[in-house]
Amino acid sequence: MKIPFLYSFRNLLTRRLTTTLTASGMALVVFVFSSILMLAEGLRKTLVNTGSSGNVVIIRKAATSEVQSGIDRQQASIVETQPEVAFGEHGRRLLAKELVVLINLPKRGSNKPSNVVIRGISGSSLLLRPQAKLAEGRMPRPGSSEILAGRSIAKRFKGGGIGETLRFGMRDWTVVGIFDAGNTGFASEIWGDADQLMQAFRRPVYSSVLFQLRDPAEFKKFKMRIESDPRLTLEAKREITYYEDQSKMMAKFLRILGLSVTIIFSLGAIIGAMVTMYSAVANRTNEIGTLRALGFQRKSILGAFLMESFILGFLGGCTGLFFASFMQLLTISTMNFQTFSELAFSFSLTFGIISKSLTFSLIMGFLGGVLPAVRSSRMNIVDALRAG
């Protein structure tokens, strides 16, 4: 005979206090586990959403980011003449030669300094990035000391608001507009005229060349030709791949950190579940003996106690995920290890994270309940009835 599921569920309801405490411990572990995964996923999504599969980024070979790259004007001109570059309105090539540098700005409120990306843009930069739209003010005038600030910069850094002034590159720059780039890395950047920024920072070279492919299928052919050209020392990547690579190091660090913390916390939760289940076995010795006397087999007793552990783990997992889901309302900032600049992003909950978290909670429930369940199933009928 098999013991019905309701038997295990009712036993947990009978011990409300211990059930609540044990499930709460598991919920805390699942909350930490899922929050770290959401953090890594939010970072990855922010950077991946920054790129477009139809765009190509050209940087110097061996450079891991635009900050480390340098492309002289002659090389940029060679890239500009390639047949794979798409044309926009009025026959203008959809290509932008850009400069990327880092500056240090104080934060609002704390006055704590942090690195911020300054991007020198050209006429086609906004056309190549449709996710970035002017939200307030106006566009900077070409050849002037006017700049655009991402919404995240305007909110978190001194001098980043519209009408305010920032000083860098030995010049004063006026913020004439705020752009909204959604949940992308561009929201944490400041944009200005590339030629003016090159003069201010005394940089004679570009950091990258960005262009839209005429046909996305032509990327491999273009990549082989540009990287084998003896006149060039350049590397071509799809923009979405470039930004995905930017997230790998930081996301890996967050996952390792989260796994380490979760393992430590989970040991406490497993021990708590084990103590709870051993206590249940000790208090129900007579009941176990009665079940055996009624004809229930050892494996049925084992299954009933394991079911209680799984229910505890499932309740803890659902509770932890419920509270972790509210983390999506938060936006945090951290340093991008690839560019050493500050990046703002939000937590992101996915179906994969939900399944991993629930699986992890069920594993904790199993590990916490397997030994007490085995002990209960091995009890001798006579000894169990006498002990009761």
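The values are calculated or read from the model by the stated rules, or taken from the named source; none is laboratory data. Keep in mind that this is a model prediction, so the values were computed, not measured. All Cβ positions, glycine included, derive from the backbone under ideal geometry; neighbour counts span all protein chains shown. Side chains included, ligands, DNA and RNA excluded: accessible areas come from the protein's heavy atoms. Shrake-Rupley method; radii C 1.70, N 1.55, O 1.52, S 1.80 Å.
Select from the range 92-111 the residues that are part of a strand (DSSP E or B) and more than 20 Å from residue 206 (Cα to Cα) and list them in ascending order.
Going residue by residue through the range 92-111, those that are part of a strand (DSSP E or B) are 93, 95-107.
Those that are part of a strand (DSSP E or B) and more than 20 Å from residue 206 (Cα to Cα): 104, 105, 106, 107.
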Task: Considering residues of the range 120-147 that are surrounded by 17 or more Cβ atoms within 10 Å (Cβ to Cβ), closer than 18 Å to residue 167 by Cβ and not acidic (Asp, Glu) only, the residue nearest to the chain's Cα centre (by Cα) - done: 120
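Hey, among 143, 109, 88, 120, which residue is modelled with pLDDT under 90 and in contact with a Ser or Thr (Cβ under 9 Å, 6 or more places away or on another chain)? Full working, then the answer.
Values: 143 fails: in contact with a Ser or Thr (Cβ under 9 Å, 6 or more places away or on another chain); 109 fails: in contact with a Ser or Thr (Cβ under 9 Å, 6 or more places away or on another chain); 120 fails: modelled with pLDDT under 90.
Exactly one residue qualifies, and that residue is 88.
State which residue is most open to solvent (accessible area, probe 1.4 Å) when the search covers only the range 12-28 and only residues that are over 15 Å from residue 314 (Cα atoms) and part of a helix (DSSP H, G or I).
Our first condition is that a residue be over 15 Å from residue 314 (Cα atoms); within the range 12-28, this holds for 14-18.
With the extra rule that they be part of a helix (DSSP H, G or I), the set shrinks to 14, 16-18.
Values: 14: 109, 16: 162, 17: 125, 18: 60 Å².
Only one residue fits best here, namely 16.
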TODO: Return the pairs, sorted by first residue and then second, in which the second residue is hydroxyl-bearing (Ser, Thr, Tyr) and assigned to a helix (DSSP H, G or I), the first residue lies in the range 308-328 and is closer than 10 Å to residue 349 by Cβ, the beta carbons are less than 8 Å apart, and the residues are 6+ apart or on different chains.
DONE: 321/34; 321/357; 324/34; 324/35; 324/357; 327/35
- [ ] Tell me, yes or no, whether the range 346-360 has at least one residue that is at pLDDT 85 or above, buried (at least 19 other Cβ atoms within 10 Å of the Cβ), farther than 21 Å from residue 43 by Cβ and more than 12 Å from the chain's Cα centre (by Cα).
- [x] yes
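Suppose we keep only residues that are farther than 22 Å from residue 322 by Cβ and surrounded by fewer than 20 Cβ atoms within 10 Å (Cβ to Cβ) within the range 361-378. Which one would you say is modelled with the lowest pLDDT? I'd like the intermediate steps shown before the answer.
If we filter the range 361-378 for residues that are farther than 22 Å from residue 322 by Cβ, which is where we start, we get 367, 369-378.
If we keep only those that are surrounded by fewer than 20 Cβ atoms within 10 Å (Cβ to Cβ) as well, we get 367, 370-371, 374-375, 378.
Numbers: 367: 81, 370: 74, 371: 74, 374: 71, 375: 68, 378: 65.
Top of the filtered list is 378.
A quick yes/no check of all residues on (1) closer than 25 Å to residue 131 by Cα; (2) over 26 Å from the mean Cα position of the chain (by Cα); (3) in a helix (DSSP H, G or I):
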| residue | (1), (2), (3) |
| --- | --- |
| 223 | no, yes, yes |
| 227 | no, yes, yes |
| 230 | no, yes, no |
| 236 | yes, no, no |
| 240 | yes, no, yes |
| 251 | yes, no, yes |
Open item on the list: If a residue must be surrounded by fewer than 16 Cβ atoms within 10 Å (Cβ to Cβ) and of a type in the set (Gly, Ala, Ser), how many such residues does the range 311-324 contain?
Closed with: 0
Task: Pair list, Cβ under 9 Å, 6 or more apart: the range 95-108 residue open to solvent by 20 Å² or more (accessible area, probe 1.4 Å) and among the hydrophobic types (A, V, I, L, M, F, W, C), other residue modelled with pLDDT under 90 and not in a strand (DSSP E or B) - done: 102/67; 102/339; 102/340
Task: Residue satisfying all of: in the range 154-184; surrounded by fewer than 17 Cβ atoms within 10 Å (Cβ to Cβ) and of a type in the set (A, V, I, L, M); nearest to the chain's Cα centre (by Cα) among these - done: 162
Open item on the list: Which pairs turn up if I take residues in the range 135-163 that are within 15 Å of residue 185 (Cβ to Cβ) and touching a residue at least 40 places away in the same chain (Cβ under 8 Å) and look for partners that are small (Gly, Ala, Ser) and part of a helix (DSSP H, G or I) with beta carbon separation below 6 Å, at least 6 apart in sequence or on another chain?
Closed with: 150/187; 150/188; 152/187; 152/188
- [ ] Go through (1) under 30 Å from residue 357 (Cβ atoms); (2) among the β-branched types (Val, Ile, Thr); (3) assigned to a loop (DSSP other than H, G, I, E, B) and name the single condition residue 64 misses.
- [x] (1)
Task: Residue ID - least open to solvent (accessible area, probe 1.4 Å), chosen from residues in the range 41-55 that are modelled with pLDDT of 80 or more and in a helix (DSSP H, G or I) - done: 42
TODO: Quickly run through the range 151-192 and pick out the residues that are of a type in the set (Val, Ile, Thr), farther than 22 Å from residue 203 by Cβ and part of a helix (DSSP H, G or I).
DONE: none
Task: Matching residues, the range 227-250, being in contact with an Asp or Glu (Cβ under 8 Å, 6 or more places away or on another chain) and of a type in the set (A, V, I, L, M) - done: 234, 236
- [ ] Filter the range 258-279 down to residues that are farther than 16 Å from residue 363 by Cβ and open to solvent by 80 Å² or more (accessible area, probe 1.4 Å) and give me whichever is modelled with the highest pLDDT.
- [x] 275
